[in-house]
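Trainee: The structure is given below, and queries will be raised subsequently.
The values are calculated or read from the model by the stated rules, or taken from the named source; none is laboratory data. The model shown is predicted, which means the values in this text are computed figures rather than measured ones. FYI the Cβ positions are ideal-geometry reconstructions off the backbone, even for glycines, and counts take in every protein chain you see. Side chains included, ligands, DNA and RNA excluded: accessible areas come from the protein's heavy atoms. Shrake-Rupley method; radii C 1.70, N 1.55, O 1.52, S 1.80 Å.
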Amino acid sequence: MLMRRFIALGLSLVLLPIAALAEPAKRIIALSPHAVEMLYAIGAGESIVAATDYADYPEAAKKIPSIGGYYGIQIERVLELNPDLIVVWDTGNKAEDINQLKNLGFKLYSSSPKTLEDVAREIEELGELTGHTEQASRVAADYRSELLRLRSENAAKSEPKVFYQLWSTPLMTVAKNSWIQQIIGVCHGKNVFYDAASDYPQVSLENVLLTLPEVILQSEEEGNVKGIDWSQWAEIPAVKNQHIYQLNADLLHRATPRALLGVKAVCDALDKAR
């Protein structure tokens with residue numbers, strides 16, 4: 001279940017043209033934690049009538065009823081709530097659920113940012129759909145400005161070799177088309193598994209030992225951190241020099257304005273190694 005929370009990125013597919021709503025949405029079902037965060041960020045949080053598991057930010061989001069998760073959506077509850085907009089997640093919701101909602105005639109918008117830049121674009125689009133264009137424009141502009149600053153600030157720095165421990169058992173990491181790679185790239189780190197065949201590959205300890213990473217980054221979940229005792233392999237530079245860092249999973253794995261806090265955390269870790 002935890003792993004399903006992590007693998008969040010896919011191609012962005014907008015199911016609903018921006019001009020398709022006759023008036024701003026007032027009853028919204030948001031079928032992902034990141035969509036809930038985006039809607040609150042633009043001032044539309046009070047319009048959310050239902051969400052999914054793990055939609056826990058901001059604090060007010062914890063009071064929103066959950067109608068499902070990665071395992072499926074309660075379609076009968078959707079019918080009862082009768083939303084005028086459903087924000088779906090094409091890589092986090094079941095395809096059959098999305099198709100059923102579409103066939104039932106609900107207005108759908110797919111929020112699945114693939115790049116850090118996509119976050120700002122979707123914020124603006126959600127602003128148009130909900131009538132919060134002014135606040136959405138401000139949030140998007142601030143986000144773009146800070147992202148540009150972070151890219152510029154780190155562009156000329158040295159490129160330490162990074163291993164990102166997505167999960168410990170099985171040992172999994174990230175590659176070139178992953179969300180985490182977007183963040184590592186901003187911080188000018190060199191992902192040791194960048195060219196892996198899949199976006200979220202399973203690797204062996206031997207594979208990691210051969211790459212000799214200078215930094216090991218882990219999501220801070222207890223099961224992930226305690227799953228591997230890296231101290232056994234002092235030949236790894238990251239272990240020898242104590243450059244193993246535990247970071248907030250929500251900041252790293254959710255495509256929201258708070259993703260920039262995740263970028264800063266990764267950049268800070270790489271600066272320590274530099």
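Trainee: To the nearest 0.05, what FRET efficiency results for residue 153 and residue 207 with a Förster distance of 41 Å applied to their C-beta separation?
Mentor: Taking R0 as 41 Å, the efficiency between residue 153 and residue 207 is 0.85.
Trainee: Once amide H atoms are placed 1.01 Å from N in the peptide plane, what residues at a sequence separation of 5 or more from residue 161, or on another chain, have their amide H within under 5 Å of its amide H?
Mentor: Long-range HN contacts for residue 161: 190, 214, 215.
Trainee: Report the one residue of 139, 201, 67 whose Cα lies farthest in the direction of the positive end of the charge dipole of the chain (charges on C-beta: Lys and Arg +1, Asp and Glu -1; origin at the Cα centre).
Mentor: Result: 201.
Trainee: I've got another one for you. Dipole size in debye (nearest 20) for region 195-274 around its Cα centre, Lys and Arg Cβ +1, Asp and Glu Cβ -1?
Mentor: For this selection, approximately 280 debye.
Trainee: Once the other residues with Cβ under 13 Å from the Cβ of residue 114 are scored (Lys, Arg +1; Asp, Glu -1), what is the net sum?
Mentor: Net of charged neighbours comes to -3.
Trainee: Using modelled amide H (1.01 Å from N, peptide plane; none on Pro or chain starts), what sits under 5 Å from the amide H of residue 114, excluding residues fewer than 5 places away?
Mentor: When sequence neighbours closer than 5 places are left aside, the close amide H contacts are 12.
Trainee: What is region 97-196 by shape, rounded, prolate or oblate, if you read a ≥ b ≥ c off the alpha carbon gyration tensor as root eigenvalues and call it rounded for a/c under 1.5, prolate for a/b larger than b/c, and oblate otherwise?
Mentor: oblate
Trainee: Explain nothing, just the number: relative contact order of the chain, from Cα pairs under 8 Å at least 6 residues apart, as a whole percent.
Mentor: 18
Trainee: Give the label of the value calculated from the structure for Rg and Dmax of the Cα atoms in Å, choosing from (i) 23.6, 76; (ii) 19.5, 63; (iii) 21.9, 103.
Mentor: Evaluating Rg and Dmax of the Cα atoms in Å on these atoms matches (ii).
Trainee: Then there's this: Given the pairs 94/190; 190/240; 26/63; 62/226; 107/176; 114/272, which span a C-alpha to C-alpha distance of over 26 angstrom in this model?
Mentor: Flagged as over cut-off: 94/190; 62/226; 107/176; 114/272.
Trainee: Got a sec? What order do 34, 188 fall in by accessible area at 1.4 Å, biggest, i.e. largest, first?
Mentor: I get 188, 34, largest accessible area first.
Trainee: Here is a further query. Dipole size in debye (nearest 20) for region 104-248 around its Cα centre, Lys and Arg Cβ +1, Asp and Glu Cβ -1?
Mentor: About 240 debye.
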